[in-house]
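The values are calculated or read from the model by the stated rules, or taken from the named source; none is laboratory data. Just so you know, these numbers come straight off a predicted model, no measurement behind them. Glycine also receives a Cβ, built like all others from the backbone with ideal geometry; neighbour counts cover every protein chain displayed. Keep in mind that these areas ignore ligands, DNA and RNA; they rest on the heavy atoms of the full protein, side chains included. Shrake-Rupley method; radii C 1.70, N 1.55, O 1.52, S 1.80 Å.
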Amino acid sequence: MSQRELIVLGTGSQVPTKLRNHNGYVVRWGREGLLFDPGEGTQRQMAFAGVSVSDLTHIALTHFHGDHCLGLPGIVQRVNLDEVAHPIDAYYPASGQVFFDRLCQASAFYHRIDLRPHPVTGPGVLDTPDATFQLRAVPLSHPVEAFGYRLTEPASRRMLPDRLRAFGIRGPRVAELQRAGSIVAGDRTVTLDEVSEPRPGQSFAFVMDTRLCPGVLEAAAGVDMLVIEATFLDAEAHLAEEHGHLTAGQAARAAAEAGVRTLVLTHFSQRYRTLDDHRREAEEHFPGELFVAEDLQRIPFPARQ
């Protein structure tokens with residue numbers, strides 16, 4: 001199993017179909033698991049995908065329309081039933097606090113885990129206790145308040161074997177150099193900068209229900225993987241604008257402008273029985289790796305740069 005991957009649980013929008021469940025996306029990030037926008041049926045889709053609720057460490061809701069949140073009660077009750085041992089951090093628009101509370105208290109159950117709420121009041125970096133990444137919220141444009149999420153790994157350094165050999169540094173001394181920043185090797189002091197190079201952290205963006213707006217490009221700028229809605233085709237751009245959505249062409253053009261490496265289109269209207277036109281439309285504008293998401297699909301993160 002890939003250490004970092006996207007697991008698509010559902011790709012439908014307002015109305016699910018026989019082939020497309022309501023939304024649901026899990027990002028495996030090493031030992032952490034982020035569940036985005038759990039719509040109806042998420043718990044069952046997780047079973048089909050082989051994802052355990054104990055894998056989840058974070059839950060993030062972009063907004064409080066039903067196809068993005070009605071699976072939350074089942075997930076909350078399941079993590080309590082299974083007595084998940086670690087805390088789970090939940091992120092959602094603060095303006096929907098009443099909906100979050102109702103969803104989490106939808107029926108009677110025993111409260112056994114630490115579900116830590118983090119209502120999002122505006123753009124910026126969010127509190128992610130003990131996480132190995134930074135999570136940022138970006139405002140989107142939808143009939144109700146909505147946020148996209150951008151996940152970024154801190155930058156690090158890549159060791160250069162040829163340079164290490166040139167200075168005679170090997171074994172435990174490499175780790176010592178990484179910890180201290182410099183060590184004495186032979187008759188001189190060798191610094192970490194001399195035997196390594198910067199390595200950018202990996203990044204991921206999740207952009208759901210929105211019109212084109214500055215937040216789309218802000219969230220997507222230079223990311224390794226962008227998951228973005230493509231509810232309509234360009235021929236229905238007027239409907240996309242009216243209802244606060246994107247077309248496949250708009251999503252692809254934004255991804256190309258933002259310098260995205262891997263583009264994943266999802267959240268498709270039930271009006272489209274097949275998605276061939278979504279792919280064709282996106283391919284006209286986006287030159288990188290492109291996925292038109294399917295339920296239960298697993299998509300690995302691209303190799304590190």
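The residue pairs whose first member lies in the range 149-174 and is on the phi > 0 side of the Ramachandran plot, whose second member is open to solvent by less than 40 Å² (accessible area, probe 1.4 Å), and whose beta carbons are closer than 6 Å, counting only pairs six or more residues apart or on different chains, are 168/185. Confirm whether residue 157 is out of contact with any strand residue (DSSP E or B) (no Cβ under 9 Å at 6 or more places or on another chain) and among the basic types (Lys, Arg). No.
The condition (being open to solvent by 40 Å² or more (accessible area, probe 1.4 Å), basic (Lys, Arg) and touching a Lys or Arg at 6+ places or on another chain (Cβ under 8 Å)) is satisfied by just one residue among 199, 165, 179, 253: 199. The single residue among 136, 116, 112, 157 that is more than 18 Å from residue 43 (Cα to Cα) and either of a type in the set (Phe, Trp, Tyr) or under 17 Å from the mean Cα position of the chain (by Cα) (or both) turns out to be 136. Can you spot a residue in the range 123-138 that is at pLDDT below 90 and either open to solvent by less than 50 Å² (accessible area, probe 1.4 Å) or in contact with a helix residue (DSSP H, G or I) (Cβ under 9 Å, 6 or more places away or on another chain) (or both)? There is no residue in the range 123-138 that is at pLDDT below 90 and either open to solvent by less than 50 Å² (accessible area, probe 1.4 Å) or in contact with a helix residue (DSSP H, G or I) (Cβ under 9 Å, 6 or more places away or on another chain) (or both). Filtered by the rule that a residue be among the small types (Gly, Ala, Ser) and under 22 Å from residue 10 (Cβ atoms), the range 225-247 gives 230, 240, 244. Residues in the range 210-224 include at least one that is modelled with pLDDT of 95 or more, open to solvent by less than 20 Å² (accessible area, probe 1.4 Å), closer than 20 Å to residue 15 by Cβ and in contact with a Leu (Cβ under 7 Å, 6 or more places away or on another chain).
Every listed requirement among (1) open to solvent by less than 10 Å² (accessible area, probe 1.4 Å); (2) of a type in the set (Gly, Ala, Ser); (3) at negative phi is met by residue 24 save one, (3). Please determine, by comparing only the residues of the range 68-116 that are more than 26 Å from residue 231 (Cβ to Cβ), of a type in the set (Val, Ile, Thr) and in contact (Cβ under 8 Å) with a residue 12 or more places away in the chain, which one is most open to solvent (accessible area, probe 1.4 Å). My answer is 113.
Scan the range 256-284 for residues that are open to solvent by 30 Å² or more (accessible area, probe 1.4 Å) and either closer than 15 Å to residue 217 by Cα or of a type in the set (S, T, N, Q) (or both) and the total you get is 6.
Pairs linking a residue in the range 40-67 that is without any contact (Cβ under 8 Å) to a residue 60 or more places away in the chain to a residue that is open to solvent by 50 Å² or more (accessible area, probe 1.4 Å) and not in a helix (DSSP H, G or I), with Cβ atoms under 6 Å and 6 or more positions apart or on different chains, are 40/70; 53/82; 67/14.
I'm checking my understanding of the structure. Among residues of the range 77-104 that are among the hydrophobic types (A, V, I, L, M, F, W, C) and closer than 25 Å to residue 144 by Cβ, which one is farthest from the chain's Cα centre (by Cα)?
98
When residues of the range 155-202 are filtered for being assigned to a loop (DSSP other than H, G, I, E, B), at pLDDT below 90 and hydrophobic (A, V, I, L, M, F, W, C), how many remain? Number of matching residues: 2. Checking 40, 32 one by one, the residue that is charged (D, E, K, R) and more than 22 Å from residue 204 (Cβ to Cβ) is 40 and no other.
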